Amino acid sequence: MIESVLIVGLGAAVGSLIRYGVTNVLKKMFSKNAFPVATFFINITGSFLLGLVNGQLPKNTFTLAFSIAVLGGYTTFSTYMNETVQLGTKKKVMAYAYYLLSALLGILAALLGYMI
C-alpha cells in the first residue's frame, strides 16, 4: 500500500512539474494572447496521452501510475474552469469558445489516442 502511495505521489509531482514548465514556456510565447493557450494545450495533449495509454498499452502498474499520477498531475480541470470564469467576466465569446473547444478537442484527442 505505501509503495503505491509513493508511486502515485511521485508521478503526480512529475506531472505537475512538467505542467509548470510547459505553462511557463507557452505563457512567454503567447504573452499577448488573452486566450489561455497553456491550459488549453496541456489539457488537449493530456487527453490524447490518456487515450493513447488506455487504448494501446497493456493494463499494468506502469500504465495505471502514468494515467492516474503523471497525467493527473499534468492536466488541470480546475484551472480550466477558473480560466473560463475569468474570461467570461471580460470576453464572453472567448470564454464560450475556450470552454467548448477544450471539451470537444479533448474528447477528439482522447479518441484519437485510443484509436492509434
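Assorted remarks:
- A Cβ-based charge dipole, computed about the Cα centre of the chain with Lys and Arg at +1 and Asp and Glu at -1, lands at about 500 debye.
- Cα→Cβ-extended label distance, 7 Å offset, between ASN24 and ALA97, nm: 3.0
- Above 13 Å, the calculated P(r) of the stretch 34-79 contains 54 percent of its Cα-Cα pairs.
- Each listed q (0.20, 0.22, 0.30 Å⁻¹) maps to a log10 I(q)/I(0) for the stretch 1-56 from the Debye sum over equal C-alpha point scatterers, namely -0.83, -0.90, -1.10.
- The stretch 49-58 - phi-based ³J(HN,Hα) in whole Hz, Karplus 6.51/-1.76/1.60, Gly and Pro as x: 5, 5, x, 4, 4, 6, x, 10, 9, x
- Rounded to the nearest Hz, the phi-derived 3J(HN,Hα) couplings of the stretch 100-110 under the Karplus curve 6.51 cos²θ - 1.76 cosθ + 1.60 (θ = phi - 60°) are 5, 5, 4, 5, 5, 5, x, 5, 5, 5, 4, where x marks glycine and proline.
- Portion, in percent, of the accessible area of the stretch 1-66 that falls on carbon or sulfur, probe 1.4 Å: 73
- Per residue, the chain exposes 65 Å² of solvent-accessible protein surface, assessed with a 1.4 angstrom probe and all protein chains in place.
- Cross-link reach list, lysines versus LYS28, counting only Cα pairs under 26 Å and skipping chain neighbours closer than eight places: LYS90, LYS91, LYS92
- Two-decimal ratio, the chain, of alpha-carbon radius of gyration to 2.2 N^0.38 Å: 1.14
- Listed residues MET94, VAL25, VAL14: farthest to the positive end of the dipole of the chain (Cβ charges): MET94
- Contour excess over end-to-end distance, with Cα ends at PHE41 and THR61 and 0.36 nm allotted per residue: 4.5 nm
- Theoretical FRET efficiency, 1/(1+(r/R0)^6), r = Cβ-Cβ of THR89 and SER16, R0 25 Å, to 0.05: 0.40
- For the chain, calculated [θ]222 nm from helices alone, where every DSSP H run of n ≥ 4 adds -39500 (n - 2.57): -27000 deg cm²/dmol
The values are calculated or read from the model by the stated rules, or taken from the named source; none is laboratory data. Keep in mind that what you see is a predicted model, and the values were worked out from it rather than measured. With ideal geometry, Cβ positions are generated from the backbone for all residues, glycine too; neighbour counts draw on all protein chains shown. In case anyone asks, the SASA skips ligands and DNA or RNA and just uses the protein heavy atoms, side chains included. Shrake-Rupley method; radii C 1.70, N 1.55, O 1.52, S 1.80 Å.
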